[in-house]
Amino acid sequence: MPDAPEPPTGDPRPDRVYDRIAAHFSQTREHPWPDVADFVAEHDGDATRALDLGCGNGRHAELLAEHADAVVGVDASAGLLAEARARAAKRDYDLSLVRGDAARVPLRDDSIDLAVYVATLHHLPSRVARLASLDELARVLDDGGEALLSVWSTTHERFEERESFDTTVDWTLPGGETEPRYYHIYDPEAFRADLDASALTVLDAYESAGNSYAVVTS
């Protein structure tokens, strides 16, 4: 599977890109994804400590806060963490926020029993980093804990390719300035191959709205 060590164009650090677009990005990310809402609802009452890995502005962390005793959001972007902090304060829910790399999650082993890892893995700019991140998710999940992952898939209608590829997708700010964001677009078979190569165990895998999803456990 071909893989570029760095994004083909633009800033190789996703956190710096999202720092620059954080406020505008947050304005467009108000509601949780339906697949995430369904997954979290299925685990109502099961979770003591939940994780939103790649939490962005905290929209999915807010959902987790309705179902878990404690929620931690991890993101590499200081700008997005500021948006998540403001959202939690405005809506009055408890959320612990940690700045960290998804390939080196700054949490203890076996400390999480419910997690969502949505639309983030595909921003890591090498297969080595993506596999490390999957292993890190397995490390922090408690025995029996479950997580929902998603990545952008070649099944999306905007893509003609049928095999995994690296690309950049521009984010356009209100003034017209663009920021290219790196993506590794997975084909479903390659996504499953990376999951199988990690320390995670796949409980379910499916396609929805142009994304590949997997429910996993440690």
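Key figures for this structure:
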| quantity | calculated |
| --- | --- |
| [x] 45, 39, 33; [y] 53, 42, 31; [z] 42, 41, 29, with the label sought being that of the calculated Cα extents along the principal axes in Å | [z] |
| Residue 31 paired with residue 169, simple spin-label distance in nm, labels 7 Å along Cα-to-beta-carbon | 1.9 |
| Label-zone membership for the stretch 96-114, site residue 70, 7 angstrom Cα→C-beta point, backbone N under 20 Å | 96-101, 105-114 |
| Stretch in the chain that is longest and holds no trypsin sites (Lys or Arg not before Pro) that DSSP places in a loop and that have at most 13 other beta carbons within 10 Å | 1-107 |
| Inter-site label distance for residue 161 and residue 143 at 7 Å from Cα along Cβ, in nm | 4.1 |
| Test item: Cα-centred dipole of the stretch 131-214, Lys/Arg +1 and Asp/Glu -1 on Cβ, debye | 100 |
| Where 17, 98 fall by accessible area, highest first, once all protein chains stay in place (1.4 Å) | 98, 17 |
| Point-charge dipole on Cβ atoms (K/R +1, D/E -1) for the chain, about Cα centre, debye to 20 | 800 |
| Between the stretch 181-218 and the stretch 49-116, the alpha-carbon center distance in angstrom | 21 |
| Label point distance in nm, residue 110-residue 207, each placed 7 Å from Cα along Cα→Cβ | 3.9 |
| Qualifying chymotrypsin sites (Phe, Trp or Tyr not before Pro) in the stretch 129-183, DSSP loop, other Cβ atoms within 10 Å at most 11 | none |
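The values are calculated or read from the model by the stated rules, or taken from the named source; none is laboratory data. Since the structure is predicted, the reported quantities are computational estimates derived from the model, not experimental observations. No Cβ is skipped: glycine too gets one built from the backbone with ideal geometry, and neighbour counts run over all protein chains shown. Surface accessibility is based on the protein's heavy atoms, side chains included, excluding ligands, DNA and RNA. Shrake-Rupley method; radii C 1.70, N 1.55, O 1.52, S 1.80 Å.
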